[in-house]
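Participant: Provided herewith is a single structure, encoded as structure tokens, for subsequent inquiry.
The values are calculated or read from the model by the stated rules, or taken from the named source; none is laboratory data. Values in this document were obtained by computation on a predicted structure and should not be read as measured data. Please note: Cβ atoms are built from the backbone with ideal geometry, for glycine as well, and neighbour counts cover all protein chains shown. Surface accessibility is based on the protein's heavy atoms, side chains included, excluding ligands, DNA and RNA. Shrake-Rupley method; radii C 1.70, N 1.55, O 1.52, S 1.80 Å.
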Number of protein chains: 4
Amino acid sequence: MPDSPADPVRASLGRQTFLTLLGARAATVAPGRVVIELPARADLCQQNGFLHAGAITSIADSACGYAALTLMPDGHDVLSVEFKVNLLAPARGDLFRAEATVVRPGRTLTVCQAEVVAVTEGGPDVPVALMQATMIAIVPRG
Amino acid sequence: MPDSPADPVRASLGRQTFLTLLGARAATVAPGRVVIELPARADLCQQNGFLHAGAITSIADSACGYAALTLMPDGHDVLSVEFKVNLLAPARGDLFRAEATVVRPGRTLTVCQAEVVAVTEGGPDVPVALMQATMIAIVPRG
Amino acid sequence: MPDSPADPVRASLGRQTFLTLLGARAATVAPGRVVIELPARADLCQQNGFLHAGAITSIADSACGYAALTLMPDGHDVLSVEFKVNLLAPARGDLFRAEATVVRPGRTLTVCQAEVVAVTEGGPDVPVALMQATMIAIVPRG
Amino acid sequence: MPDSPADPVRASLGRQTFLTLLGARAATVAPGRVVIELPARADLCQQNGFLHAGAITSIADSACGYAALTLMPDGHDVLSVEFKVNLLAPARGDLFRAEATVVRPGRTLTVCQAEVVAVTEGGPDVPVALMQATMIAIVPRG
């Protein structure tokens, strides 16, 4: 199924050594929407034992970038221009899920939003962060 | 020298397991100014081999938080409210240095800025990211 | 109906001389949700004849602030801590509508989002801006 | 002196009807740096009599846009992609001054910062806002 938007996204994700170090994985790759999940781990924390804001940002930023990439022509790559994160609650849970959606696709710039929720077995999902981001399409040369 | 602003900062930094995982360390801790350094490593990259924006954000956010903490009364803790990052150039280099300064200290909220530069042996420092952040003081209970 | 969240909001809005200058008005005031409308006018434009980003921001920021205020105890006031705006399309239309919703209410800080759409008679609403904002509750003294 | 960066900036500023409505004017136009001033006026306020955040943003955004434009080739125009504003103190004073500088110029995207200070006769300047913004170059057609 070479036409699935999931393929270039999963290939690119596999080259992101930092996401591998974190233990993050793509749960959903659909046109304009990507979900990345990160299981909690003791070595991903800030000083109070919550997930570090940098780890939260890592999965939200990657989910936004790949959500943008799903709507770009084949062979394009994507880079983050900028993002803004509001931290909504202490990030404690068994797993963290970043769900990114494209707000406005564009030929050059794409605007995305991502929500990160903390998932705890037997409890409700708790929103822990909200990202608003701008991604830029990199057109392959030659 | 128990009154040095460096002490609570370094103690708190030592409890940030995520910074340990990344290999980040505090290079400077002074009132209103904190520098955190991160040596380049193959497992901290995005799909093109540059330092992942999440790793850049991790050291910038921690530097901002600790810069804010240096100006707070003893016994306080600090949490990130929000931050905004502009990525200025591909993050390639031997080492990445996040330098945070307090722009406006406050009893509850403190506004900080951080610049992250890529350091390469024999070359000039290259700015790779700029953060503008809000930190909140957490007053100890009891 | 002195208990309506609309009352303190409309009273406060009436004291915002800048919104009067712009010609903005509250279209909806409900718990956690405020809509402010701004009719297009020739003296609100940037160099290409589109609504100036500052005018867009003015109604989005006010809508966010009042959306936050609707969920605060009586007698509180609200100030903007920070906001981030992505401009999605040139702002041309007959009227601009900023719809703000509270994402996470808090005793001190409240996080809001606002979307601004351009409304043109006979055409579809066009999203022109997206705001993510932090508001702070000001507790009355004495 | 048709080569001065000030000329296209002042020409464009003159077409910004919203800045005329506010009473804002360019105080300095130099390569990579633009200062816009706004005298205080009773009809530019929020509910407590401080300058409205939307008016603050208007001059900061325009200063950033024009600072970016000074470094672009002749005939280009500039649009705001996004900006982030931290409000540092209540905006009271006789005059408000937004000083924008280019942080990273680019062929497509330019990153700028602006500080807005409140100026009061006989008193020190007080920083009231800090903006971090992305501008995009619009290349003329044909």
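Participant: Using a simple charge model, +1 on the beta-carbon of Lys and Arg, -1 on the beta-carbon of Asp and Glu, nothing else, what dipole does the range C:1-111 show about its Cα centre, in debye to the nearest 20?
Facilitator: 180 debye
Participant: Inter-copy label distances at D:Asp94, 7 Å along the Cα→beta-carbon direction, one decimal in nm, shortest first?
Facilitator: 4.7, 5.4, 6.6
Participant: Quote the relative contact order of chain D in percent (integer), defining contacts as alpha-carbon pairs under 8 Å separated by 6+ residues.
Facilitator: 24 percent
Participant: Next up: Where nothing but the Cβ of Lys and Arg (+1) and of Asp and Glu (-1) is charged, how large is the charge dipole of the protein assembly as shown around its Cα centre, in debye to the nearest 20?
Facilitator: The calculation lands at about 0 debye.
Participant: Cβ under 12 Å from A:Gly123's Cβ, A:Gly123 left aside: what net charge do those residues give with Lys, Arg +1 and Asp, Glu -1?
Facilitator: -2
Participant: While we're here: So how do C:72-80, A:60-68 stack up, highest first, on mean other-Cβ count within 10 Å?
Facilitator: A:60-68, C:72-80
Participant: Using a 10 Å cut-off around each Cβ of peptide C:113-120, what is the average number of partner chain Cβ atoms that fall inside?
Facilitator: 1
Participant: In whole percent, how big is the carbon plus sulfur part of the accessible area of chain C, probe 1.4 Å, protein atoms only?
Facilitator: The computed percentage sits at 55.
Participant: Restricting attention to chain D, give the cysteines that have no other cysteine Cβ less than 4.7 angstrom from their Cβ.
Facilitator: If one checks each Cβ against the other cysteines of chain D, D:Cys45 turn up with nothing under 4.7 Å.
Participant: Give the Cα extents of the range C:91-142 along the principal axes, in whole Å, largest first.
Facilitator: Per principal axis, max minus min of the Cα coordinates gives 52, 21, 13 Å.
Participant: Please average, across the residues of D:103-111, the number of beta carbons from any other chain that are within 10 Å of each residue's own beta carbon, and give a whole number.
Facilitator: 4
Participant: If you take the charge dipole of chain A about its Cα centre, with +1 on Lys and Arg Cβ and -1 on Asp and Glu Cβ, which of A:Val78, A:Ile56, A:Val117 is farthest toward its positive end?
Facilitator: So the residue we want is A:Val78.
Participant: Skipping prolines and chain starts, which residues have an amide H placed within reach, meaning under 5 Å, of the one on A:His52, given they are 5 or more residues away or on another chain?
Facilitator: A:Cys45, A:Gln46
Participant: Could you tell me the center-to-center distance, by alpha carbons, between the range C:59-95 and the range A:107-142 in angstrom?
Facilitator: Each part's Cα centre sits 22 Å from the other's.
Participant: How big is the D/C interface in buried accessible area, both sides summed, 1.4 Å probe, to the nearest 100 Å²?
Facilitator: 2800 Å²
Participant: Further question: For chain A, find the longest principal axis of its Cα atoms and tell me its angle to the long axis of helix A:53-69, 0 to 90°, nearest 10.
Facilitator: 30 degrees
Participant: Now, a different point. With r defined as the distance between the Cβ atoms of D:Arg10 and B:Arg41 and R0 fixed at 56 Å, what FRET efficiency is calculated, to the nearest 0.05?
Facilitator: Here the calculated transfer efficiency is 0.65.
Participant: For chain C, what is the accessible area per residue in Å², given a 1.4 Å probe and the full set of protein chains?
Facilitator: 40 Å²
Participant: Please average, across the residues of C:89-96, the number of beta carbons from any other chain that are within 10 Å of each residue's own beta carbon, and give a whole number.
Facilitator: For peptide C:89-96, the averaged partner shielding equals 0.
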